[in-house]
Amino acid sequence: MKRIGVDDFEMSVVDRGSGLPVVLLHGFPLDHQMWSLQIEALAGRCRVIAPDLRGYGGSSLGEVDPVHGVSMERYADDLARMLDALGEERPVVLCGFSMGGYIAWAFLRKHRPRVRALVLCDTRAQGDTSEARANRLKMADHVEEWGSSKVAEMMAPKLFAQRTIDERPDVVRRVVDVISATDPRAIAAAQRGMASRPDSTALLKSVGVPTLVLGGEEDTLSPEAEMAAMAEQIPGARFLTVPAAGHLAPVEQPEEVARALTGFLGTLF
Ligand code: MLT
């Protein structure tokens with residue numbers, strides 16, 4: 001992995017291959033490892049850039065506003081600085097998983113000329129309900145006393161299809177280990193940032209770049225029907241579901257997701 005200085009923090013980033021630049025954005029509270037197989041699969045024909053967002057994986061957290069945390073806009077600005085630091089001036093294919101999708105909306109708002117195409121994976125355009133917002137702020141307020149392994153324990157049952165939980169404990173364990181190792185301050189900062197993110201549904205009709213919407217068939221956090229409705233509002237978007245996968249489709253069915261990405265990228269060359 002490369003280490004680069006981005007404003008007030010040190011970012012760890014995978015930068016592999018050459019060709020069309022593809023940025024893979026991980027979800028909350030994970031790191032680039034959720035894309036391991038897709039990185040391998042795409043690096044033969046693309047430049048794959050998979051950062052650890054500030055505070056996650058090998059990246060330091062930098063300065064954080066104790067009340068507002070890290071906004072989606074700030075993560076998006078980090079990505080723009082990252083591309084500058086990597087010398088990548090071409091528009092990128094931006095692939096955002098869940099929170100990575102929320103960041104993709106912010107990136108589109110602020111850095112649209114840098115986007116060649118969009119992949120929205122197990123994510124949504126709507127902002128939070130007041131209940132979801134309250135739950136996020138509760139976690140943000142308590143995660144330092146709870147510890148990250150409690151967050152892993154709370155989240156794991158919602159992240160996977162039931163069959164993954166029943167039959168593939170190794171897959172679940174790897175994700176739980178990543179969450180448990182995450183700095184609680186990064187978890188709090190992201191929850192505060194997500195709680196205050198704007199609704200992005202007004203952006204859908206004007207996305208203006210080729211778009212793939214992709215989600216696990218059994219995702220309960222960003223359900224299939226919601227993803228389909230989002231895809232319908234984006235002119236020309238393709239919509240694909242991944243069988244036998246919950247929210248973490250790229251981890252549960254990595255080959256299937258890699259095939260979907262490869263197929264979509266093939267339309268862009
Ligand atoms: C994620 O996977 O990034 C989270 O489910 C996003 C969220 O908490 O809304």
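Each value in this text was obtained by applying a stated rule to the coordinates, not by laboratory testing. Everything numeric here is computed off the predicted structure, so don't read it as measured data. Backbone-built Cβ (ideal geometry, glycine too); neighbour counts: all protein chains shown.
Which residue fluctuates the most in the chain, going by a Gaussian network model with Cα springs under 10 Å, if the choices are E218, E167, E73? Of E218, E167, E73, the Gaussian network model singles out E167 as fluctuating most. The alpha carbons of the stretch 203-269 occupy a box of 31, 28, 13 Å along the principal axes, longest dimension given first. Look at the alpha carbon pairs under 8 Å that are at least 6 residues apart: their mean separation over the length of the stretch 164-269 gives a relative contact order of 23 percent. Dividing the summed -39500 (n - 2.57) terms of all DSSP H runs of n ≥ 4 by the residue count of the chain sets its mean residue ellipticity at 222 nm at -13500 deg cm²/dmol. Of the two radii for the stretch 219-258, the radius of gyration is 0.99 times the Kirkwood radius, both from the alpha carbons; that is the Rg over Rh value. Identify which of L83, L203, L240 has the largest mean-square fluctuation in a Gaussian network model of the chain, with springs joining Cα atoms closer than 10 Å. Its mean-square fluctuation being the largest, the pick is L203. Taking P235, P113, P169 as the candidate residues, the one with maximal mean-square fluctuation in a Gaussian network model of the chain, Cα springs under 10 Å, is P169.
Each principal axis of the Cα atoms in the stretch 139-232 has its own extent, and those three values, largest first, are 42, 34, 18 angstrom.
Report the charge-dipole magnitude of the chain in Debye, nearest 20, computed about the Cα centre from +1 at each Lys and Arg Cβ and -1 at each Asp and Glu Cβ.
Here the chain has a charge dipole of around 740 debye.
Report, for the chain, the % of DSSP beta bridges that are antiparallel, rounded to 5.
Within the chain, antiparallel bridges account for around 30 percent of the total.
When only the Cβ of Lys, Arg, Asp and Glu is charged (+1, +1, -1, -1), the dipole of the stretch 94-221 relative to its Cα centre reaches about 780 debye. With a ≥ b ≥ c taken as the square roots of the eigenvalues of the C-alpha gyration tensor of the stretch 36-115, please select rounded if a/c is under 1.5 and otherwise prolate if a/b is larger than b/c or oblate if it is not? Because a/c hits 1.5 or more and a/b exceeds b/c, the stretch 36-115 counts as prolate.
Taking each pair of different alpha-carbon atoms in the chain once, compute 1/r for the pair, average those values, and report the inverse of that mean as the Kirkwood hydrodynamic radius in Å to one decimal. Don't skip to the end; give the middle numbers.
Details: mean 1/r = 0.0548 Å⁻¹.
With all distinct Cα pairs of the chain included, I get 18.3 Å.
Take every pair of alpha-carbon atoms less than 8 Å apart whose residues are at least six positions apart; their mean separation over the length of the chain yields a relative contact order of 20 percent.
When the charge dipole of the stretch 117-212 is built from unit charges on Cβ atoms (+1 for Lys and Arg, -1 for Asp and Glu) and taken about the Cα centre, the candidate among V119, A195, T129 whose Cα reaches farthest toward its positive end is V119.
Just so you know, the averaged projected area of the alpha carbon convex hull for the stretch 134-181 sits at 3.4 nm².
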